1. Considering only residues that are crowded, with 24+ Cβ neighbours inside 10 Å and part of a loop (DSSP other than H, G, I, E, B), which ones fall in the stretch 303-324?
2. Of the residues Ala560, Ala580, Ala568, Ala586, which is of a type in the set (A, V, I, L, M, F, W, C), part of a loop (DSSP other than H, G, I, E, B) and buried (at least 20 other Cβ atoms within 10 Å of the Cβ)?
3. For the stretch 291-316, which residues satisfy the criterion of being hydrophobic (A, V, I, L, M, F, W, C) and touching a Gly at 6+ places or on another chain (Cβ under 7 Å)?
4. When the stretch 414-460 is examined, which residues are found to be among the small types (Gly, Ala, Ser), buried (at least 20 other Cβ atoms within 10 Å of the Cβ) and outside any helix (DSSP H, G or I)?
5. Could you run through the stretch 648-679 and say how many residues are in contact with a Phe, Trp or Tyr (Cβ under 7 Å, 6 or more places away or on another chain) and at pLDDT below 95?
6. Taking strands (runs of 3 or more DSSP E) that do not extend beyond the stretch 31-103, which have at least 1 residues that are closer than 28 Å to His312 by Cα?
7. Could you say whether any residue in the stretch 7-30 is in contact with a helix residue (DSSP H, G or I) (Cβ under 7 Å, 6 or more places away or on another chain), among the basic types (Lys, Arg) and at pLDDT 95 or above?
Amino acid sequence: MNRKLILLAVVALAGCRAKAPSPDTEAGLRQLARERLAQLEGTLRVEGLAAPVEVIRDRWGIPHIYAQSQEDLFFAQGFVAAQDRLYQMEIWRRIGRGELAEVFGPAYVERDRFARLVRYRGDMEAEWQSYSPDTKAICAAFARGVNAYVRHAGQRLPVEFTLLDFEPGEWKAEDCLLRIAGLLMTRNIALEIARAELAAKLGLRAVARYMPPEPERRLDPDPGLDLEGLDEEVLKTYRTAISIPALEEEAAGSNNWVVDGRLSATGKPLLANDPHRPITLPALRYLVHLVAPGWNVIGAGEPALPGIAVGHNERVAWGFTIVPYDVADLYVERTDPSNPNRYLYQGKWLEMGIEREQIRVKGQAEPVTVEVKLTRHGPVIFEDPKRNRAVALRWAGQEPGTAGYLGGLALARAASAKEFLQAAARWKLPAENFVFADVEGNIGWIAMGLVPLRRHSGLFPVPGDTNRYEWQGWRRIEELPAIFNPKEGYIATANHNILPKGYRHELAFDWAPPYRFARIDEVLRAGKSFRTADFERLQHDETSLPARELVPMLAGLPAAASPAAKRAQAMLEAWDRVLAKESGPAALFEIWLTRLRARFVAAEVSEPHRDLVLRHLPLPRLIELLRQTPAARRAEVMFGSLEEAWQEAEKLLGADTAGWRWGKLHTVEFRHPLANSAVRRAVFSLGPVERGGDGSTPNSTSGPGYRQSSGASYRHIMDLADWDRSVFTSTPGQSGQPESPHYADLLDAWARHEYAPL
């Protein structure tokens with residue numbers, strides 16, 4: 001049943017404080033949470049609107065906002081998003097601004113320092129204009145809407161504010177420009193360090209063997225740069241800063257594809273997208289429908305930002321996946337032994353810029369003063385006084401127009417596929433594969449991002465004392481890979497190597513394994529007359545292409561010696577290679593994959609360097625190296641690990657193989673950040689939920705060990721023949737407030753692979 005809320009342009013009365021129930025018992029905490037729920041129907045009198053705004057919430061709590069002006073539309077979006085997600089939004093704002101210690105205490109000071117380290121320091125007028133001429137006004141209206149809800153709620157803020165004893169800060173338009181989330185989707189920072197550490201400890205041959213660049217390229221570490229000490233310690237502050245579930249870099253991925261009318265049952269394009277990010281509570285994505293003069297757009301974005309990131313307007317639909325362009329370099333600066341705040345460049349000592357920041361800390365009367373140091377290359381993320389050097393970060397996100405997702409404001413107003421392609425130039429970071437389609441039947445793709453021009457590969461940290469490694473500018477949009485109306489009738493991306501054959505520009509060398517793309521491509525290439533239901537099945541496809549490669553390799557080896565390995569081989573060879581949660585062979589295969597990787601590396605690498613190789617050896621490379629291994633040794637590794645896997649499966653799942661299920665091991669839990677006691681877990685957290693698939697299947701369900709921690713918490717399928725046939729799935733719900741009917745009402749349908757109309 002839909003609910004209607006009218007926002008009127010008059011002053012609202014602040015709430016009164018009443019005696020609150022105790023949050024120390026489950027009943028008390030639930031009651032307190034219920035008392036803090038926002039009013040979602042009726043009439044609210046809100047200061048700041050020019051005219052009434054109508055908000056209709058559908059059965060899932062998705063707000064459909066109808067306003068008479070653009071300013072009122074985004075004011076209302078800020079207000080409505082805060083009704084549902086204020087605590088989440090406030091924490092994200094504080095993450096980006098470097099203000100977590102004020103809420104959580106001294107342990108967060110270094111996180112805050114890092115956030116301030118990577119903030120934008122450039123020209124603000126150029127920054128705002130990069131997105132669209134009216135972006136500043138839109139962000140200002142959104143911020144005013146958030147502030148209006150905070151004032152309206154008064155003492156009835158979401159329960160988390162009571163538990164942590166703090167209040168939201170004043171939102172500003174500039175809070176939409178925060179950079180840290182975009183940085184943490186820039187994987188090549190960590191990969192530069194991994195290659196440097198591997199080269200220092202095992203030599204360049206080890207880098208070529210275990211972390212080869214794709215496409216193939218000569219490894220080019222500077223011969224005068226000592227790679228010793230360029231290891232995980234360099235990233236310590238960076239790792240600390242991202243030890244927040246919503247920011248974890250391992251989770252960035254996604255699938256998208258589009259077919260034109262030749263391959264759809266309707267004669268019009270059909271487009272699918274499922275962004276992969278951390279599985280969080282509240283959900284990462286927030287769905288909204290925005291209607292005002294010049295606006296009619298629906299889809300999903302991040303609750304703390306105006307507009308949407310993916311979705312459709314009246315004429316165009318789109319979706320994205322991360323494209324892992326190399327948009328950052330680490331510069332090793334030589335520092336003055338007598339003054340660590342000076343560094344060498346082109347034979348001259350230069351002074352670092354030093355900014356002193358005041359960080360408020362919970363429980364402390366006075367703020368903590370921290371230093372942020374800057375070189376000509378960027379902020380200093382690590383100092384090594386023993387070696388008289390520092391590591392500075394040069395990152396595309398220091399340029400105007402690189403705040404994450406704000407480019408979506410231009411995309412949402414494209415009236416055709418060609419206009420969308422032009423608007424994509426305003427999207428700079430994070431780099432994304434956009435697939436798009438319009439109602440005229442056109443489809444397209446562009447791998448959009450702000451990519452530096454280099455004279456070196458970007459695979460290793462580089463010396464900062466010379467101009468040999470300075471960036472030479474930026475790739476023009478015309479140089480980036482793109483397709484418009486391909487003859488095949490479809491386009492698909494899945495974070496894989498998207499560089500066309502013969503492509504001459506160097507954009508990146510580290511890509512996701514090709515398995516998700518290959519399976520999607522296999523299905524699209526073989527099909528025709530696709531309907532929405534076909535794409536629903538493909539988004540949840542759990543066919544394992546690594547299993548298709550590895551299991552047949554067993555048959556070509558000398559027979560297994562041990563009874564356990566023979567039983568395991570027989571089970572896997574009889575298996576359909578689908579990682580269904582009900583499948584026993586799927587559980588065995590996943591255990592074997594872990595054991596196989598460890599046994600192979602143990603046979604090649606001595607301690608203490610095995611873990612370094614294990615962390616960075618891609619699965620396709622492991623399989624390739626296994627094929628190159630002599631048969632006798634390959635048999636020992638594969639059957640030895642298979643025997644270990646059988647024994648571990650019996651230990652984890654029992655001796656009766658009839659009871660083995662992949663879902664028993666492979667579960668996802670929705671853990672609220674504040675669920676640190678039994679009472680809070682009972683009220684806030686959800687799950688566990690059994691899952692199928694793994695990180696290599698279109699239904700991507702990756703995570704540490706056998707647990708899922710990331711994947712597609714949001715999916716959509718857009719039917720350009722009839723927008724009303726478009727569908728979505730999201731989890732766990734629209735609201736971030738426990739006790740709301742929309743806190744977890746999407747979870748069961750998501751777990752059952754069911755969709756709802758969008």
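The values are calculated or read from the model by the stated rules, or taken from the named source; none is laboratory data. Predicted, not measured: the structure shown is a model, and the values here were computed from it. Note that each Cβ is placed from the backbone with ideal geometry, even for glycine, and that neighbours are counted across all protein chains shown.
1. Passing the criteria: Pro303, Ala304, Leu305, Pro306, Gly307, Ile308, Ala309, Val323, Pro324.
2. Checking each option against the conditions leaves just Ala560.
3. Going through the stretch 291-316, the residues hydrophobic (A, V, I, L, M, F, W, C) turn out to be 291-292, 295, 297-298, 300, 304-305, 308-310, 316.
Within the stretch 291-316, Val297, Ile298, Ala300, Ile308, Ala309, Val310 meet the criteria.
4. Going through the stretch 414-460, the residues among the small types (Gly, Ala, Ser) turn out to be 414-417, 423-425, 431, 437, 441, 444, 447, 449, 457-458.
With buried (at least 20 other Cβ atoms within 10 Å of the Cβ) added as a condition, the list becomes 414, 417, 423-424, 431, 437, 444, 447, 449, 458.
Selection gives Ala414, Ala431, Ala437, Gly444, Ala447, Gly449, Gly458.
5. Filtering the stretch 648-679 down to residues in contact with a Phe, Trp or Tyr (Cβ under 7 Å, 6 or more places away or on another chain) leaves 649, 653, 665-666, 672, 674-675.
Narrowing the set further to residues that are at pLDDT below 95 leaves 672, 674-675.
Here the count works out to 3.
6. Working: elements: 42-46, 53-57, 63-66.
Fully inside the stretch 31-103 and qualifying: 53-57, 63-66.
7. Looking through the stretch 7-30, at least one residue is in contact with a helix residue (DSSP H, G or I) (Cβ under 7 Å, 6 or more places away or on another chain), among the basic types (Lys, Arg) and at pLDDT 95 or above.
Condition check ((1) within 21 Å of the chain's Cα centre (by Cα); (2) under 22 Å from Leu429 (Cα atoms); (3) in contact (Cβ under 8 Å) with a residue 24 or more places away in the chain) across all residues:
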{"position": "Pro63", "(1), (2), (3)": "no, no, yes"}
{"position": "Leu73", "(1), (2), (3)": "no, no, yes"}
{"position": "Arg85", "(1), (2), (3)": "yes, no, yes"}
{"position": "Arg94", "(1), (2), (3)": "yes, yes, yes"}
{"position": "Glu99", "(1), (2), (3)": "no, no, yes"}
{"position": "Val103", "(1), (2), (3)": "no, no, yes"}
{"position": "Tyr120", "(1), (2), (3)": "yes, yes, yes"}
{"position": "Ala126", "(1), (2), (3)": "no, yes, yes"}
